[in-house]
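The values are calculated or read from the model by the stated rules, or taken from the named source; none is laboratory data. None of the values given here were measured: they were computed from a predicted structure. Neighbour counts run over all protein chains shown; Cβ positions are idealised from the backbone, glycine included.
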Amino acid sequence: MKPLKSVNSSYPQIHPDRIPQHVAVIMDGNGRWAKKLGHLRIFGHKQGVTAVRTCLEVASELGVKFLTMYAFSTENWNRPAIEVSALMQLLVDTVEKELPELMKNNVRLRTLGNMEQLPKNARTKLEHTETATANNTGTTLILALSYSSRWDIIQAVQAIAENVQKGLISPSEISETTISNSLRTSEYPEPDLLIRTSGEHRISNFLLWEIAYSELYFTPVLWPDFTKQHFVEAILDYQSRERRFGKTSEQIGEEKK
Ligand code: FPP
């Protein structure tokens with residue numbers, strides 16, 4: 001990865017003052033990509049790791065503070081056992097192999113999801129990498145693994161209900177902040193931009209609460225084909241939008257003055 005000189009010199013079209021703080025990505029199309037080439041699905045996942053690396057590289061260069069990647073959903077456990085175990089092995093190998101690069105590039109790794117469901121060796125490797133990168137101050141790469149938004153919402157509701165039962169909070173005091181603070185994503189800002197590849201226009205149980213005001217970007221590109229240029233295009237598209245958060249265009253104009 002090149003040291004960051006200035007966003008302007010490396011990516012002249014990108015406005016350095018409007019870089020999304022948090023980008024979330026639904027990486028889709030690995031299986032179709034592999035099938036098109038006459039390969040097994042896992043070949044697509046392996047190639048998908050290269051696209052993860054590329055995406056992280058450009059996110060770091062641009063100064064994106066948080067990058068959340070949907071690597072394995074709760075529903076993905078229902079895939080054929082051979083694909084699930086190959087994906088877990090790929091995860092273990094990748095996390096181990098990438099640690100020096102993460103350190104070199106000042107990337108902090110975090111996980112998001114029900115880690116208890118992951119095989120022990122995957123959990124151990126992930127914990128080790130999270131600890132080793134904990135003090136890095138560049139981009140935080142959040143790997144969503146065994147994650148679904150409804151899972152997170154359920155555990156949040158349970159935690160809040162327990163606090164109600166203990167008399168620590170009354171039902172009428174439950175606010176958006178109470179819910180946001182009870183989600184596993186509470187320490188991160190909400191995504192500014194959500195990218196989904198492969199031409200599907202779905203959210204697939206990903207960050208349902210958190211993307212209330214995110215800009216959505218859908219591209220037909222299959223994940224293994226997703227390049228630096230595609231990421232830059234998504235950022236440029238984001239920068240062309242007016243984020244109104246329910247207000248009028250005129251109000252936004254006034255606020256900018
Ligand atoms: C969706 O494509 C992709 C996944 C379910 C897995 C994503 C995993 C990776 C990119 C590799 C692992 C990542 C790390 C960080 C080690 P799909 O299989 O649903 O594709 P399809 O819709 O074409 O079948």
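Taking the criterion of being of a type in the set (D, E, K, R) and in contact with a Ser or Thr (Cβ under 8 Å, 6 or more places away or on another chain), the only residue of the range 119-149 that qualifies is GLU130. Residue selection: THR111 satisfies the criterion of being within 14 Å of the ligand (Cβ to nearest atom), buried (at least 18 other Cβ atoms within 10 Å of the Cβ), β-branched (Val, Ile, Thr) and under 17 Å from the mean Cα position of the chain (by Cα).
Out of THR94, THR131, report the one residue that is polar (S, T, N, Q), over 21 Å from VAL25 (Cα atoms) and outside any loop (DSSP other than H, G, I, E, B).
On the way: THR94 fails: over 21 Å from VAL25 (Cα atoms).
Just a single option satisfies the conditions, and that option is THR131.
Applying the set (1) farther than 14 Å from LEU145 by Cα; (2) buried (at least 19 other Cβ atoms within 10 Å of the Cβ); (3) within 12 Å of the ligand (Cβ to nearest atom) to ARG53 leaves exactly one unmet item: (2). Sub-9 Å Cβ pairs linking a first residue in the range 32-50 that is in contact (Cβ under 8 Å) with a residue 60 or more places away in the chain and over 18 Å from MET88 (Cα atoms) to a second residue that is near the ligand (Cβ under 9 Å from one of its atoms) and of a type in the set (Phe, Trp, Tyr), at least 6 apart or interchain, are TRP33/TRP223, ordered by first then second residue. Within the range 17-43, the residues that satisfy the criterion of being near the ligand (Cβ under 9 Å from one of its atoms) and either under 19 Å from the mean Cα position of the chain (by Cα) or modelled with pLDDT under 95 (or both) are ILE26, MET27, ASP28, GLY29, ASN30. Of the residues making up the range 164-213, those that are among the β-branched types (Val, Ile, Thr), closer than 21 Å to ASP237 by Cα and in a loop (DSSP other than H, G, I, E, B) are THR197, ILE203, ILE211. Only one entry in PHE218, PHE245, PHE226, PHE231 is within 16 Å of the ligand (Cβ to nearest atom), surrounded by fewer than 19 Cβ atoms within 10 Å (Cβ to Cβ) and in contact (Cβ under 8 Å) with a residue 12 or more places away in the chain, namely PHE218. For the range 187-204, filtering for residues that are surrounded by fewer than 17 Cβ atoms within 10 Å (Cβ to Cβ) and more than 13 Å from VAL221 (Cα to Cα) leaves 5. One residue stands out among those in the range 136-150 that are surrounded by 19 or more Cβ atoms within 10 Å (Cβ to Cβ) and not small (Gly, Ala, Ser): the one that is farthest from ALA59 (Cα to Cα), which is TYR147. Against the numbered list (1) hydroxyl-bearing (Ser, Thr, Tyr); (2) under 30 Å from ARG41 (Cα atoms); (3) surrounded by 16 or more Cβ atoms within 10 Å (Cβ to Cβ), THR133 comes up short only at (2). Summed over the range 61-81, residues that are more than 10 Å from the ligand (Cβ to nearest atom), assigned to a helix (DSSP H, G or I) and in contact (Cβ under 8 Å) with a residue 24 or more places away in the chain total 4.
For residues that are in a loop (DSSP other than H, G, I, E, B) and of a type in the set (S, T, N, Q), scanning just the range 214-251, find the one that is nearest to LYS65 (Cα to Cα). Among them, the one singled out is SER214.
Using the structure shown, decide if LEU87 is touching a His at 6+ places or on another chain (Cβ under 7 Å), surrounded by 17 or more Cβ atoms within 10 Å (Cβ to Cβ) and under 24 Å from LEU194 (Cα atoms).
Working: touching a His at 6+ places or on another chain (Cβ under 7 Å): yes; surrounded by 17 or more Cβ atoms within 10 Å (Cβ to Cβ): yes; under 24 Å from LEU194 (Cα atoms): yes.
In short, yes.
May I ask you to verify whether ARG202 is over 23 Å from THR54 (Cα atoms), at pLDDT 95 or above and within 16 Å of the ligand (Cβ to nearest atom)? Explain how you work it out, then say what you get.
Numbers: over 23 Å from THR54 (Cα atoms): yes; at pLDDT 95 or above: yes; within 16 Å of the ligand (Cβ to nearest atom): yes.
Yes; evaluated as a whole, the condition is true for this residue.
Assigned to a helix (DSSP H, G or I), within 12 Å of the ligand (Cβ to nearest atom), within 29 Å of GLY29 (Cα to Cα) and not aromatic (Phe, Trp, Tyr), is that true of LEU143? Answer is no for this residue.
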